[in-house]
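What follows is a single structure, written as structure tokens, with notes after it.
The values are calculated or read from the model by the stated rules, or taken from the named source; none is laboratory data. The structure displayed is predicted, hence computed values, not measured ones. Using ideal geometry, Cβ is built from the backbone for each residue, glycine included, and neighbour counts are taken over all protein chains shown.
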Amino acid sequence: MVAWETHYAKRAGRMVASEIRELLKLVDRPGLISFAGGIPDPSLFPRDAIAAAHGRILGDPRRAAAALQYSTSEGYPPLRDWIARQMAARGVACTAEHILITSGAQQALDFIGKLFISPGDTVLVARPTYLGALQAFGAYEPRFAALPRRGDTRVAPSSGARRRLALGYVMADFPNPTGESLTLAERDSLLAAAAALDLPLVEDAAYEALRYDGAALPPLLALDAARAGAIDGARVLYCGTFSKTVAPGLRLGWVVAPLPVIRRLVLVKQASDLHSAGLGQMAMHEVVEQVLPAALVPIRSVYRARRDAMLAALAREMPPGVRWTRPEGGMFLWLTLPEAIDAAALLPRAIAEARVAFVPGRAFHADGGGGNTLRLNFTLADPARIGEGVARLGALLRSLPDGAPVTDRRKRRRSSTAATT
């Protein structure tokens with residue numbers, strides 16, 4: 001047998017399995033109610049429109065030839081034009097030249113990490129933040145530090161502040177995992193901090209379209225471009241996706257950014273996979289032209305009802321000492337348990353005894369913290385199953401003795417060290 005571990009690059013040691021992807025393997029277990037994945041409801045996918053679009057394209061010899069052939073790295077021009085119009089409606093004046101189509105927003109994060117992060121650089125993130133961003137950026141060997149708080153432009157000394165600041169990463173709207181959006185004042189403050197630090201800022205807008213309450217706020221890119229006078233003077237890189245509004249299996253996302261950045265990202269795209277699938281892009285263009293934004297009405301209605309069902313169930317079933325967020329949109333609620341309870345230690349019992357799955361919160365903390373937190377997804381289960389699942393989880397929490405499950409302290413220290421180096 002070849003000793004493969006001796007041949008891998010040093011950075012391979014930073015590549016670890018996603019707790020969320022592993023938990024998704026549990027979804028089909030009989031009797032298990034899973035709140036673990038960030039999964040849209042497939043019954044809301046525009047399946048007929050997707051099938052019809054593929055049929056029309058493949059039924060036309062000229063269009064089929066283009067769809068099945070190699071294509072441009074930047075992406076299908078009509079789709080990029082459509083995205084440019086949508087961005088204009090959100091306050092971002094741009095052209096198709098400012099847009100790169102990617103194979104999902106996750107690929108966009110990987111490309112941005114590859115372009116901006118050198119080993120030892122500092123990347124600023126929220127605490128907690130999206131696990132997929134930590135994975136995408138972590139492969140390029142940065143150190144993670146906390147984004148500046150409102151009105152602050154400093155970086156914590158323990159974070160390696162003297163190292164080069166590569167970029168900041170943020171979800172302004174209904175972020176994964178907490179669901180708590182930035183206010184307009186917090187957006188302005190973050191942009192001021194980024195300018196003071198000369199910091200490129202990645203805006204992950206995966207959930208922006210899933211607003212159920214309140215007034216929409218402008219994207220960071222819209223605010224920054226307005227300050228700079230045009231998008232090419234902005235420092236924000238906007239990542240969007242069709243996964244939450246059309247279907248995740250089509251794996252299509254995009255980046256909107258100043259032209260110099262897009263030109264560099266195109267080179268990264270060429271070296272990675274040449275271009276995203278042409279047939280999928282052409283079909284996506286037809287689908288979004290036909291069904292969006294009308295299709296968002298039932299999606300928002302269904303998810304709003306499920307969020308409300310989960311909030312009501314939590315209020316009914318959770319024991320004293322448990323707190324949770326109340327997001328205006330998105331897919332997630334964030335629970336904070338009493339300090340003594342470790343969510344990772346609780347999970348095996350939740351699966352075995354309560355037949356409920358969730359994601360322990362430590363995975364979302366670059367510093368290994370958040371042991372007493374967990375994430376719940378509300379978009380996949382119907383209100384009845386949400387009520388039943390939360391009741392099971394609440395009963396399990398109420399059954400715990402004082403000084404409930406806590407992981408070994410040495411394991412906790414090892415986790416924290418691994419997350420910050």
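Structure summary
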{"read-out": "The lone exception for N176 - which of (1) of a type in the set (S, T, N, Q); (2) crowded, with 24+ Cβ neighbours inside 10 Å; (3) under 14 Å from R227 (Cβ atoms) it fails", "value": "(3)"}
{"read-out": "Any hit, the range 350-362, residues being assigned to a helix (DSSP H, G or I), of a type outside the set (F, W, Y) and within 27 Å of F144 (Cβ to Cβ)", "value": "yes"}
{"read-out": "Any chance M318 is touching a strand residue (DSSP E or B) at 6+ places or on another chain (Cβ under 8 Å), of a type outside the set (D, E, K, R), over 30 Å from L68 (Cα atoms) and surrounded by fewer than 21 Cβ atoms within 10 Å (Cβ to Cβ)", "value": "yes"}
{"read-out": "Among (1) farther than 22 Å from L292 by Cβ; (2) surrounded by 22 or more Cβ atoms within 10 Å (Cβ to Cβ); (3) under 18 Å from the mean Cα position of the chain (by Cα), the one test that E208 misses", "value": "(1)"}
{"read-out": "Lone unmet requirement of (1) modelled with pLDDT under 95; (2) over 18 Å from D198 (Cβ atoms) for Y70", "value": "(1)"}
{"read-out": "Qualifying positions in the range 15-37 - buried (at least 18 other Cβ atoms within 10 Å of the Cβ), modelled with pLDDT under 90 and not in a helix (DSSP H, G or I)", "value": "G37"}
{"read-out": "Selection from the range 242-255 of residues that are closer than 19 Å to L115 by Cβ and either surrounded by fewer than 23 Cβ atoms within 10 Å (Cβ to Cβ) or not aliphatic (A, V, I, L, M) (or both)", "value": "G253, W254"}
{"read-out": "Failed criterion for G59 (all others in (1) closer than 30 Å to V356 by Cβ; (2) modelled with pLDDT of 95 or more; (3) small (G, A, S) hold)", "value": "(1)"}
{"read-out": "Options L221, L191, L199: the member that is more than 27 Å from L296 (Cα to Cα), touching a residue at least 60 places away in the same chain (Cβ under 8 Å), of a type in the set (A, V, I, L, M) and crowded, with 18+ Cβ neighbours inside 10 Å", "value": "L199"}
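Here is a yes/no grid of residues against (1) assigned by TED's automatic domain parsing to the domain that holds F242; (2) touching a Gly at 6+ places or on another chain (Cβ under 8 Å):
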site: S272; (1), (2): yes, no
site: A277; (1), (2): yes, no
site: A309; (1), (2): no, yes
site: P319; (1), (2): no, yes
site: P338; (1), (2): no, yes
site: L347; (1), (2): no, no
site: D367; (1), (2): no, no
site: L380; (1), (2): no, yes
